[in-house]
Structures are given as structure tokens and as C-alpha cells.
1. Sort out for me the helices (runs of 4 or more DSSP H) sitting completely within region 14-121 that have 2 or more residues that are among the small types (G, A, S), farther than 30 Å from I4 by Cβ and within 19 Å of the chain's Cα centre (by Cα).
2. I'm checking my understanding of the structure. Among residues of region 71-101 that are touching a residue at least 24 places away in the same chain (Cβ under 8 Å) and closer than 19 Å to L43 by Cβ, which one is surrounded by the fewest Cβ atoms within 10 Å (Cβ to Cβ)?
3. Note down all Cβ pairs under 9 Å where the first residue falls in region 118-134 and is loosely packed, with under 10 Cβ neighbours inside 10 Å, the second is assigned to a helix (DSSP H, G or I) and at pLDDT 85 or above, and they're at least six residues apart or on different chains.
4. Name the single residue, out of those in region 51-74 being under 20 Å from G17 (Cα atoms) and small (G, A, S), that is modelled with the highest pLDDT.
5. Looking only at region 12-41, which residues are over 21 Å from S116 (Cα atoms) and of a type in the set (G, A, S)?
6. I'd like the full set of residues that are under 20 Å from A19 (Cα atoms) and free of Cβ contacts under 8 Å to residues at least 12 places away in the same chain, limited to region 32-48.
Amino acid sequence: MARIVLGLISGLVFGFGLALSGMDNPAKVQNFLDLAGTWDPSLAFVMGGAIAVAMPAFFLFKKLEKPILDQSFHLPTKSALDKRLLLGAGIFGIGWGLGGLCPGPALSSAGLATTSALVFVAAMIIGMAVARRA
């Protein structure tokens, strides 16, 4: 039960942070990526703040034998830069640039039932299903 409650609280804090920073606004994200046009550097501060908060947690994580609410850490085991990873990263980047959303903000925006977010989430789910089969 504690895992569910803490997961809900974490999701709500994350969603609130996305909304507060403007990450759920596709136009703001696209302006951040438009270096030659209407560049908006404010999201760089959002990323810097996220790194400043996450970095101490990663140092703490390395000292723990296991997570607080699980039996073991579930970390990726692959570290090679292969064609599949590079292709997936490229598709992700193109989708982020065109749609102005990435998975977290898309889910947050889908809660508002905007057409663009719902289409993005549907495409994301289809993409994940295709990737699992490949």
C-alpha cells in the first residue's frame, strides 16, 4: 500500500512540476528547440533544476544495497550504442521536435484531454508495442 501511495504522490508532484515549468505546453518546448528562430531558453533552467535535484539522489542510490520499497534495483543492463538504440533515439527526438511533447508531459497533457496529447499518447503506445515485438 505504501508503494501505491508514494507512487501516486510522486506522480502528482511530477505532473505539477511539468505544468508549472511549461513542459506540457508543446509551443514552449518547440520554441526551446528553435535555436534559429523564437528560441526560449527557460526550459534549460528546468533541466538544470532537475539535474540539481536528481544528482544527490543518484549518489545516495549508489550507497544503498536495495531500494526502500523493493527487493532490488531494476537498472538497464545494456550499455552498447547499437542501431536499435540510435534509431529509437532519433525517432524520439523527431517526435519531440515535431509534437513538442515527450512521454511525461504527454501523459500530463492527456489528462486535460487535448487532441494533440491524446494522439501523441496513442502513437507512443503503438510505438512501444512495435518496439517490444522488434
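The values are calculated or read from the model by the stated rules, or taken from the named source; none is laboratory data. This structure is a prediction, so every number in the text was calculated from the model and none was measured. FYI the Cβ positions are ideal-geometry reconstructions off the backbone, even for glycines, and counts take in every protein chain you see.
1. Numbers: elements: 26-33, 42-63, 83-99, 103-110.
Output list reads 42-63, 83-99.
2. Applying the filter and picking the extreme gives G97.
3. Going by the 9 Å Cβ cut-off, the qualifying pairs are A134/R84.
4. It comes out as A52.
5. A36, G37
6. Answer for region 32-48, where residues must be under 20 Å from A19 (Cα atoms) and free of Cβ contacts under 8 Å to residues at least 12 places away in the same chain: W39, P41, F45, M47, G48.
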